[in-house]
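Readers should treat all values here as calculations from the given coordinates under stated rules, not as data from a laboratory. The structure presented is a predicted model; accordingly, all values stated were derived computationally and were not measured. Here the Cβ positions follow ideal geometry from the backbone for every residue, glycine too, while neighbour counts run over all protein chains shown.
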Amino acid sequence: MQSSPDPRHQWHEMTVSRVIRETGDACSLVFDVPVELAEVFSYRAGQFLTLRVPWQDGSLDRCYSLASSPDSDPEHKVTIKRVEDGRVSNWLNENVAEGDVLRVLPPAGHFHLGHGRAGSESDLFLFAGGSGITPVISILKTALVTGSRRVSMLYANRDHDSVIFDAELAQLESRYGDRFDLQRRYDDSDGFLDLAGVRALSAGNGDREFFVCGPGPFMEVVEQGLRDELVPVEQVHVEHFVSPPDVDDEKVAREQEKAAEQAREQAADSGEVIKVVVVIDGHEHELEPEPGQTVVAAAEAAGISVPFSCTEGYCACCMAQLVEGEVKMLRNDVLTPAEVEDGWVLTCQAVALSGRVRVEYPD
Ligand SMILES: Cc1cc2nc3c(=O)[nH]c(=O)nc-3n(C[C@H](O)[C@H](O)[C@H](O)COP(=O)(O)OP(=O)(O)OC[C@H]3O[C@@H](n4cnc5c(N)ncnc54)[C@H](O)[C@@H]3O)c2cc1C
Ligand code: FES
C-alpha cells in the first residue's frame, strides 16, 4: 500500500462501538467515527471500507461494503460473512469485540447511486445474493429515503436461516410498500436463480438502473440475463466480492514483475516521451511517468490526488476511462471484459505504453 498525505488514503484507527450477531455465520461491526474524521469518512450508499487485521507476522487487508446508509443511519456499519477457510472473515467474526480498535481506510468505490446514469431519478432493480446484500441494502435505503424512485429487489439466499437483515427489510417493505417490492428466494426450496428467472424479472424493466452483488455464479446468471434482455450496459452496475492476491505468493509476484518488465520494454521501444493526462474533478494534469510506473503511482509522485484504495487491482475504486492512447493493466481481478471493452481501466495497475495517454476519472 502506498503512503500519501491525503487522509482519504491513510489508515485510521477506528473504535468498534458495537458488534451485532446477524446470523450464524455473519456479524456486523459498527464504528464510532470521531468528529474530526467525519468529512473523510463521509460516503455514498454502496461504498466500502477497507479493514486491516493482524495476520501471523504481518497483516491482511479486506474490503467490506457499508451496509448502513448515509441518508438514514447515524453510524457506519459493515457486515462480514464467514467464507470457508477464509482468513479475515473468520478472524473478524471470532475476535472483534465492542471497544476494540481496527485500522480502517476511508470509504471508496464506484458501486453507488450517482455512478453513470444512476444519479438520475430512474427506478431501480436490485439483485442481491447472500452477503451481496450489504451494499445493496445501503443503496435501497438511500433510494427510498431520498427520492420517489420505485425499487424492485430480488434477494437470494441458501435458506431462511442465512438471511441477513431480514427484519430491517420487512420494516422497509411495510413502510415503503407502495414503491418497494421485494422477492425473497431460497436455494433449498426454490432452487438457484436461472436465466429464465432473470429474464422474467427484468422484462418490462429495461429503463431501470440495475445493481447486482452476490456470489460469482449468481452474478454471472444475472448479468447474462440482463444482456439477453438488452438492458444497456451503462444501466447495469456490479460489485464483485473478491480477496486480493496473496502478495507473499511467489508465483503472483513473479507474474506481476514480468508484466511490469514487458510494459517497460514496450514503452522504451516506442522511443517516445510518455505523457499521461489525467482529468479529475474537471481539472487536467499532465504527468511524465517513469517507464513501468502506474498512473496512480505517477499521480501520487506528482502530488495529484486521485482515487485509490487497494492498489492491487481488485477493488475498482481507481477505475477511469481511457480516452486516448494505450495502457497495460498489470493485474485486473475486477473489471469485466465488457467494462474493459468499454474503455475502463484500473489506474493503480495501468502502465502507459504509447506516447500520449489520457484518462478521465468519473465524477
Ligand atoms: C469491494 C468489495 C466489497 C466487499 N464487501 C463485502 C461485504 O460487505 N461483506 C463480506 O462478507 N465480504 C465482502 N467482500 C469480500 C471480502 O473482502 C473478502 O474477500 C472475504 O471476506 C473473504 O476474505 P477472507 O480473508 O476471509 O478469505 P481469504 O483468506 O482471502 O480466502 C478466500 C478464498 O481463498 C481460499 N484461501 C484461503 N487461504 C488461502 C491462501 N493462502 N491462498 C489462496 N487461497 C486461499 C479460501 O478457502 C477462500 O475460499 C468485499 C470485497 C470487495 C472487493
Ligand atoms: S485501487 Fe483497488 S483496483 Fe485500483
For segment 250-360, what proportion of DSSP beta bridges, expressed in % and rounded to the nearest 5, is antiparallel? 75
P(r) of segment 69-137 over all Cα-Cα pairs, 5 Å bins starting at 0, rounded to whole percent, reads 3, 10, 17, 22, 21, 12, 7, 6, 1
Once the other residues with Cβ under 12 Å from the Cβ of residue 220 are scored (Lys, Arg +1; Asp, Glu -1), what is the net sum? -1
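Which value, in debye to the nearest 20, gives the size of the charge dipole of segment 7-107 about its Cα centre, when Lys and Arg are +1 and Asp and Glu are -1 at the Cβ?
220
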With unit charges on the beta carbons (Lys and Arg positive, Asp and Glu negative) and the dipole taken about the Cα centre of segment 72-224, which residue among 72, 99, 88 sits farthest to the positive side? 72
Take the alpha-carbon centre of segment 327-363, take the same for segment 290-325, and report the distance between them in whole Å. 9
Given charges at beta-carbon only (K, R positive; D, E negative), |dipole| of segment 145-251 in Debye: 640
With Rh as the Kirkwood radius over Cα pairs, the chain has Rg/Rh of 0.97
Going fewest to most other Cβ atoms within 10 Å around each Cβ, 139, 20, 164, 280 line up as 20, 280, 164, 139
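Run the numbers on the chain and let me know its relative contact order in percent, using alpha-carbon pairs under 8 Å that are six or more apart.
Numbers: 737 pairs, mean separation 51.3, N = 363.
Relative contact order here is 14 percent.
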The rounded separation in angstrom of the Cα centers of segment 116-176 and segment 1-58 is 22
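Assign unit charges at the C-beta atoms only (+1 for Lys and Arg, -1 for Asp and Glu), then state the dipole size of the chain relative to its Cα centre in Debye, rounded to the nearest 20.
Numbers: 32 positive and 63 negative charges, 110 e Å.
That gives the chain a dipole magnitude of about 520 debye.
Using Cβ counts within 10 Å as a stand-in for footprinting exposure, how do 257, 223 rank, fewest first?
Numbers: 257 11, 223 20.
By the 10 Å Cβ count, ascending: 257, 223.
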Using alpha-carbon coordinates alone, the radius of gyration and Dmax of segment 156-209 in Å work out to 13.0, 34
